[in-house]
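The structure under discussion appears below in the form of structure tokens.
The values are calculated or read from the model by the stated rules, or taken from the named source; none is laboratory data. What you are looking at is a predicted structure, and each value in this text was computed from that prediction instead of being measured. Heads up, the Cβs are rebuilt from the backbone with ideal geometry, glycines too, and the neighbour counts pull from every protein chain shown.
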Amino acid sequence: MSGDQRAARALRVDIAQTEPMPLHGRFDCAAGELLALVGPSGAGKTSMLRVLAGLMRPQRGRIEVGAQLWCDSERGVFLPPQRRHVGLVFQNYALMPHLSAVDNVALAMLHLPPGERATQARRWLDHVHLSHEQQQRRPAALSGGQQQRVAVARALAREPKLLLLDEPFSAVDQMSRQGLYRLLADLRSDLDIPILLVTHDLNEARLLADRLVVMDAGTVLQEGPPEHIHRAPRNARVADLVGMHNRFQGVWVGPSGRAGWGLLKWVSAAGGENGSDMLLEVRDKGKIKPGQPVNWVVPGDGILLGADGSGQELEATVSEARHLGEITLASLTLERNPQISLRITLAGPQRRRIGSGDRLALRLDPALVHVMPLHQRPPGLNPD
């Protein structure tokens, strides 16, 4: 499918309401794309899915899938769920316990003759890799992963224009989850419809999604590819929600004298500045005024071990080192200010040489330092 064809079947959403619960956001999802809604409990992720499915009517909003208008509050348009052709997959499977897998999937095709329903149900169950013997079992005789495959087949049997996945993998064990990840990857190439995934698992979202929608308190805070959000969160709250541990306070000093670069003064959480020797030269996008307080972040791969003669090296002590399989998680305390700590993930031979109490030289990759000005927080949102 060409880019124009994918765009023609895309989901476009613009929702704004204050009652019965706050829900504000605008995002798109192209055909064949997987968009993950992430955020803490109560962020509004499942409520957004309910609006898309037609289970909740927004106070104000517009929803389009391709050329079809599903909701437009200004024009009084609101298609009920049965007219939206949405496939829904839930965390708890929602299967009929007294019916076989085939009969559960056939329930999604009541518009077809009974014989054809069973034939199509078996075809979809074959598609999700359930054996013919397993297809005859009732849910209680299937594993959690197998039950979820039945739920996926049932959702696809509706031949949906939009697939919604609400925490679909959280109730299955890790081995089954990996199999379901592979299944979803295979299905994406076959379906060519927009797919929305709600998940609280950031690793899952980064692994599966083309783009993330970060939500908090019912509001979309940022949308974009996982790598972009991780490297350039819009504010400190987004950095927290996507699990960025190396977030610090600072003061923007101003241009450094080198084109495209500026000076950032590192400030401890206790409020005491660490002196001119803690000035960092980082990328300057020309959007922050000198003297303005800022938050700033650096990803784990932006913290490098060893000195390079740049004059920005730091001395640190390993306060904790946890060796987990092929990686090591380490917390480092700065010699110049013990109130400041950094967290890094190490892989390869160097991680075996890291232990609690070790002293290390490290440096920050200035190109990966992302500076965020402090803003007055909007009503109802968590502070930066």
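Brief remarks follow.
- Reported count of residues in the stretch 137-181, each being farther than 13 Å from Leu95 by Cβ and among the charged types (D, E, K, R), is 7.
- Within this structure, Gln135 fails the test of being modelled with pLDDT under 95, more than 30 Å from Met278 (Cα to Cα) and not acidic (Asp, Glu).
- Residue in the stretch 68-77 that is in the same structural domain as Asp28 (by TED's automatic domain parsing), β-branched (Val, Ile, Thr) and surrounded by fewer than 16 Cβ atoms within 10 Å (Cβ to Cβ) present: yes
- Set Ser143, Ser170: member being surrounded by fewer than 22 Cβ atoms within 10 Å (Cβ to Cβ) and within 18 Å of Ala36 (Cα to Cα): Ser170
- From the options Leu112, Leu95, Leu156, residue that is touching a residue at least 40 places away in the same chain (Cβ under 8 Å) and not in a helix (DSSP H, G or I): Leu95
- Summed over the stretch 84-117, the residues that are on the phi > 0 side of the Ramachandran plot and buried (at least 20 other Cβ atoms within 10 Å of the Cβ) give a count of 1.
- Filtered by the rule that a residue be surrounded by fewer than 18 Cβ atoms within 10 Å (Cβ to Cβ) and either assigned to a loop (DSSP other than H, G, I, E, B) or touching a residue at least 60 places away in the same chain (Cβ under 8 Å) (or both), the stretch 128-140 gives His129, Ser131, Gln136, Arg137, Arg138.
- Odd one out for Ser170, checked against (1) assigned to a helix (DSSP H, G or I); (2) under 30 Å from Arg237 (Cβ atoms); (3) polar (S, T, N, Q): (1)
- In the stretch 209-229, the residues that are more than 12 Å from Ala239 (Cα to Cα) and free of Cβ contacts under 8 Å to residues at least 60 places away in the same chain form no Cβ pair under 6 Å with any partner that is of a type in the set (Ser, Thr, Tyr) and surrounded by 20 or more Cβ atoms within 10 Å (Cβ to Cβ), whether six or more places apart or across chains.
- Top-ranked residue in the stretch 189-216 [being charged (D, E, K, R) and out of contact with any Asp or Glu (no Cβ under 8 Å at 6 or more places or on another chain); ranked as surrounded by the most Cβ atoms within 10 Å (Cβ to Cβ)]: Asp216
Residue by residue, here is whether (1) touching a residue at least 24 places away in the same chain (Cβ under 8 Å); (2) under 24 Å from the mean Cα position of the chain (by Cα) holds:
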| residue | (1), (2) |
| --- | --- |
| Lys287 | yes, no |
| Gly300 | yes, yes |
| Asp308 | yes, no |
| Glu313 | yes, no |
| Thr317 | yes, no |
| Glu320 | yes, no |
| Ala330 | yes, no |
| Leu334 | no, no |
| Gln339 | yes, no |
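- Residue that is at pLDDT 90 or above and out of contact with any Ser or Thr (no Cβ under 6 Å at 6 or more places or on another chain), where the choices are Arg247, Arg188: Arg247
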